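Below is one structure, written out as structure tokens, with a few remarks after it.
The values are calculated or read from the model by the stated rules, or taken from the named source; none is laboratory data. Only a predicted model underlies this, so the values are computations on that prediction, with no experimental measurement involved. Please note: Cβ atoms are built from the backbone with ideal geometry, for glycine as well, and neighbour counts cover all protein chains shown. To get the accessible areas, we keep the full protein, side chains included, count just its heavy atoms, and leave off ligands, DNA and RNA. Shrake-Rupley method; radii C 1.70, N 1.55, O 1.52, S 1.80 Å.
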Amino acid sequence: MKDKLMEPLLIFVRGLLMGSVETIPGVSAGTIALITGIYERIVHSIGKLKFSFVKPLFKGDFSGFKKSFIDEIDFQLFIPVLLGMAIAVLSFSKIIEFLIESYTSFTFAFFLGLILASAYILYTRIVHFSPKLLILTVIGFVLSFIFVGLNPIAADHSLPIIFFSGMIAICAMLLPGISGAFVLVLLGQYKHMLTALNTLNWTEIITFCFGALIGMLGFSKILDYLLQHHEEVTMAILIGVMIGTLRIPFDEVSSNLSGSLFEIPVCVILAIIGFVIIVLLERKFKYIE
């Protein structure tokens, strides 16, 4: 009985952590899912959705619909993780908006440590590192470094654009190392969606979530295939991607330093704290698993 209660609670905690970081440009919820040992289960559970339960519903076979619906959807995973993410995003968005505006260099220094630790943890998961994987890592780094250096697109905030932004951002969120929040920055929607969350603009929130759902159902199947058949290749590329995304916090830290002598040591300390938190978090959840 205790184990049955503990499992959804731990998944809920994972959801809280994933939702918290997903409001941060440069940090991916997929990274948190990976280091807490739930990543492959999420991707596989989403990827296997075929909506076969709809067919018996059209035929009026409600018992068949119920059985197929329960068999196909991993409710023990989705309910606690989505609940945790929703609570975290709605509450943490106000905090992160304040921190980024008021303590930009310190906040991004902490993020830098988080990302660097996440890349290190991915590296420890590759059993047979080879020159081929090293080349793929370098390719991932170069592409990511160029991508995150792009200027944000000047976009409007119409509902079709918000829908499209949700589709693209969720694909990034599913990948460890690529931040859905940063993709929103590039699309010119990040601050607008933070405001929408903080003011509870449900029309825009629902539109964004619907776009994310469509994107997630399509992209998760591709990602599930890659993890099932080319796991180490995928991980090697993602390590490069994560190292490349370090350009974001580094640029933010360096461009927002005021020149005070104590700022650089504080940034270094915060980066170390961020690194240690992720490593300890990974070890804790590995022990639980």
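Out of curiosity, is Lys67 closer than 24 Å to Lys221 by Cα and modelled with pLDDT under 70?
No; evaluated as a whole, the condition is false for this residue.
Could you check Asp156 against (1) open to solvent by 60 Å² or more (accessible area, probe 1.4 Å); (2) part of a helix (DSSP H, G or I); (3) under 30 Å from Thr195 (Cβ atoms) and say which number it fails?
(2)
Looking at segment 104-132 only, could you name the residues that are open to solvent by 80 Å² or more (accessible area, probe 1.4 Å) and not in a helix (DSSP H, G or I)?
Listed by number, the residues that qualify are Arg125, Val127, His128, Phe129.
Just for segment 22-59: of the residues that are outside any helix (DSSP H, G or I) and β-branched (Val, Ile, Thr), which one is modelled with the highest pLDDT?
Filtering first and then ranking leaves Ile38.
With (1) buried (at least 23 other Cβ atoms within 10 Å of the Cβ); (2) under 15 Å from the mean Cα position of the chain (by Cα) as the list, and Ser93 as the residue in question, which single condition is left unmet?
(1)
Quick one: which helices (runs of 4 or more DSSP H) lie wholly within segment 199-289 and hold at least 1 residues that are among the hydroxyl-bearing types (Ser, Thr, Tyr), within 19 Å of the chain's Cα centre (by Cα) and under 28 Å from Leu159 (Cβ atoms)?
Of the helices (runs of 4 or more DSSP H) lying wholly inside segment 199-289, those with at least 1 residues that are among the hydroxyl-bearing types (Ser, Thr, Tyr), within 19 Å of the chain's Cα centre (by Cα) and under 28 Å from Leu159 (Cβ atoms) span 202-229.
Looking at (1) touching a Cys at 6+ places or on another chain (Cβ under 6 Å); (2) open to solvent by less than 10 Å² (accessible area, probe 1.4 Å), find the lone condition where Gly180 falls short.
Tallying (1) touching a Cys at 6+ places or on another chain (Cβ under 6 Å); (2) open to solvent by less than 10 Å² (accessible area, probe 1.4 Å), Gly180 fails exactly one: (1).
Evaluate the following for Ile273: is it under 22 Å from Phe111 (Cβ atoms) and free of Cβ contacts under 8 Å to residues at least 12 places away in the same chain? Let's see the steps before the verdict.
Values: under 22 Å from Phe111 (Cβ atoms): yes; free of Cβ contacts under 8 Å to residues at least 12 places away in the same chain: no.
No, not satisfied.
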